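Student: Below is the structure I would like to discuss, written out as structure tokens.
Read-outs throughout are calculated quantities, based only on the coordinates presented, and are distinct from any laboratory measurement. Note that the structure is predicted; figures quoted are calculated from it, not measured. Virtual Cβ from ideal backbone geometry, glycine too; neighbours counted across all protein chains shown.
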Amino acid sequence: MIIRNPKLSRRVFAGGALSALVGGTAALAAPKMTAPSDLGPFYPIKRDFEDDADMTWLHGHDKRATGDVIEISGRVLDRHGNPMSNARLEIWQANHAGRYAHANDTSDAPLDPHFQGYANLRTGADGEWRITTIRPGAYSQRTRHLHFDVQGRDQRLPAQMYFPEDSEANAKDGLFRRLGSYQDTCLAKLTDTDKYRWDIVMMDG
């Protein structure tokens, strides 16, 4: 079952539209809020696994997860562009073959016993966060993506991050197309070989 939050979606998009209508320097300088998305059917309810920021190594394993290792970093910001310290980020994704380590994923794609697949972290004083992970595989009708559930001071934002080099696959993805003019808020930026940046802007503030 896909978990949706229509009230949150309306508030975020309405807030973005209101910011665009309000004149003045502050309104023009305010960042565009990140579009909300579905938590998806593979949100990890059970938490009997490691959850540190490096998803490519598991304690006691002598082998790293299979796939291309990438680093993703960014900041969590409030609607005025101020960094948000101590915001909580839950992050989960499919492995290199496009399969989740979740009981409801019945795909024939192989599981990776060395891949953590989930991280639970907090932002620093400057709103920064960083993870090391594997470039996820695409599956079914979905383009490659990572799931985020971000909790700030007063707001919660489920969102999905997409890869800029997958423009053709992104354009065919139903959930990405649904974002409309907010697609850019969910696209990471490739800053170096296998390194990405993605700032998350919340309603807080």
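Student: If you look at just the Cα atoms of the stretch 6-201, how large are its Rg and its Dmax in Å?
Tutor: That works out to 16.8, 57 Å for Rg and Dmax.
Student: Given bins 10 angstrom wide, list per bin the percent of all Cα-Cα distances in the stretch 97-205, short to long.
Tutor: The distribution over the stretch 97-205 is 11, 41, 37, 10, 0, given as percents.
Student: Could you work out the local net charge near THR185, counting Lys and Arg as +1, Asp and Glu as -1, over the other residues with Cβ closer than 10 Å to its Cβ?
Tutor: Values: positive: LYS32; negative: ASP184, ASP199.
Taking every other residue near THR185 into account, the sum is -1.
Student: Just need the relative contact order of the stretch 83-205 here, percent rounded to a whole number, with Cα pairs under 8 Å and 6+ apart.
Tutor: Answer for the stretch 83-205 is 24 percent.
Student: Can you give the angle from 0 to 90° between the axis of helix 6-21 and the longest principal axis of the chain, with both taken from C-alpha atoms, to the nearest 10?
Tutor: Approximately 40 degrees, to the nearest 10.
Student: When you count, for each residue, the other Cβ atoms within 10 Å and take the mean per peptide, how do 50-56, 107-113 rank with the highest first?
Tutor: Going from most to least packed, we get 50-56, 107-113.
Student: Same structure again: Taking a 25 Å limit on the Cα-Cα distance, which of the listed pairs LYS63/LYS195; LYS32/LYS189; LYS46/LYS195 fall beyond it?
Tutor: Result: LYS46/LYS195 exceed 25 Å.
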